[in-house]
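The values are calculated or read from the model by the stated rules, or taken from the named source; none is laboratory data. Remember, predicted model here, so these are calculated numbers, not experimental data. When we count neighbours, we look across all protein chains shown, and the Cβ atoms used for this are built from the backbone with ideal geometry, even at glycine.
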Amino acid sequence: MVDAPISSRRRMSGRASERMFAPTPPGDAAIRAGAAAQRPRRARSTSQRAQRAMYYAHLWLGVLFTVVLLVLCITGILLNHKRGLGLMPDVSNDAPAALASSLPLAELAERARGATGIADHPIDRMDVRPDKGYVKVRFDDPAWTEATMELATGEALHIGRRGDVFMEQLHSGELFGKRWVLLSDAAAVALVVLLVSGYWLWLAPRVRRNKEGGGA
């Protein structure tokens, strides 16, 4: 038997060693395991980005709208109790007449002017209360004077200053101009975002820990 040349034997042994030590291609199970290992990382990264966005939204909206939200809360509480605080008079009419017997609104407005002595300021609003038998005539003067007139007789039941008008306009932002109402709207939106982000920052870590504990 003739021996193979040395060079041929070396090439054959080299190919054999390459086949021996070459990495085997991954199977389907290995590929699925690698993909499953990558999914939690991506999910965790997305959750962390969302939590960070909620954190900064909660932080900066709280900083920017602190004063506005405090004003809204304080004025809202005062307006809820404006009668008890004396900001709005509590006028009573013991024998209210039927609405059909009421005087014309124009005549009631003139009688309110005569009762208050206000002639150079326009009427801001007239609030008719048929169930109580009177109309509130408010003037656009510095004191926000209001006359409560009996609908049927035109008698002045009460004349005084409305102290809650300042609170109402401060609460809505109208005190500084009609455009400032948008600031009140923005504060309301900020309050909603603060509530949602606050719940998110409180719940998200607990949910994540429960998931990690359940998968362990």
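Being within 30 Å of residue 62 (Cα to Cα) and basic (Lys, Arg) is a property that residue 125 lacks.
Kindly establish whether residue 200 is more than 18 Å from residue 49 (Cα to Cα), among the aromatic types (Phe, Trp, Tyr) and within 19 Å of the chain's Cα centre (by Cα). Against the criterion (more than 18 Å from residue 49 (Cα to Cα), among the aromatic types (Phe, Trp, Tyr) and within 19 Å of the chain's Cα centre (by Cα)), residue 200 does not qualify.
Annotation note: of 95, 119, the sole residue that is free of Cβ contacts under 8 Å to residues at least 24 places away in the same chain and of a type in the set (A, V, I, L, M) is 119. Checked against (1) in a helix (DSSP H, G or I); (2) closer than 26 Å to residue 173 by Cβ; (3) not assigned by TED's automatic domain parsing to the domain that holds residue 195, residue 110 passes all but a single condition, namely (2). Exactly one residue out of 152, 187, 143 is surrounded by fewer than 15 Cβ atoms within 10 Å (Cβ to Cβ) and either in contact with a Leu (Cβ under 9 Å, 6 or more places away or on another chain) or part of a loop (DSSP other than H, G, I, E, B) (or both): that is 143. Screening residue 173 with (1) crowded, with 19+ Cβ neighbours inside 10 Å; (2) at pLDDT 90 or above; (3) of a type outside the set (A, V, I, L, M, F, W, C) gives one miss only, at (2). For residue 63, the conditions (1) in the same structural domain as residue 171 (by TED's automatic domain parsing); (2) at pLDDT 95 or above all hold with the exception of (2). As a summary of the residue check, residue 182 satisfies the conditions (1) more than 23 Å from residue 70 (Cα to Cα); (2) free of Cβ contacts under 8 Å to residues at least 40 places away in the same chain except for the one numbered (1). Kindly indicate whether residue 95 is in the same structural domain as residue 157 (by TED's automatic domain parsing) and over 12 Å from residue 150 (Cα atoms). It is false that residue 95 is in the same structural domain as residue 157 (by TED's automatic domain parsing) and over 12 Å from residue 150 (Cα atoms).
Can you name the residue in the stretch 190-206 that is more than 21 Å from residue 172 (Cβ to Cβ) and in contact with a helix residue (DSSP H, G or I) (Cβ under 9 Å, 6 or more places away or on another chain) and, of all such residues, is surrounded by the most Cβ atoms within 10 Å (Cβ to Cβ)? Looking at the filtered set, the residue picked out is 197.
Against the numbered list (1) modelled with pLDDT under 90; (2) surrounded by 12 or more Cβ atoms within 10 Å (Cβ to Cβ); (3) of a type in the set (Gly, Ala, Ser), residue 84 comes up short only at (2).
Filtered by the rule that a residue be among the β-branched types (Val, Ile, Thr) and either farther than 30 Å from residue 164 by Cα or in contact (Cβ under 8 Å) with a residue 24 or more places away in the chain (or both), the stretch 54-76 gives 68, 71, 75.
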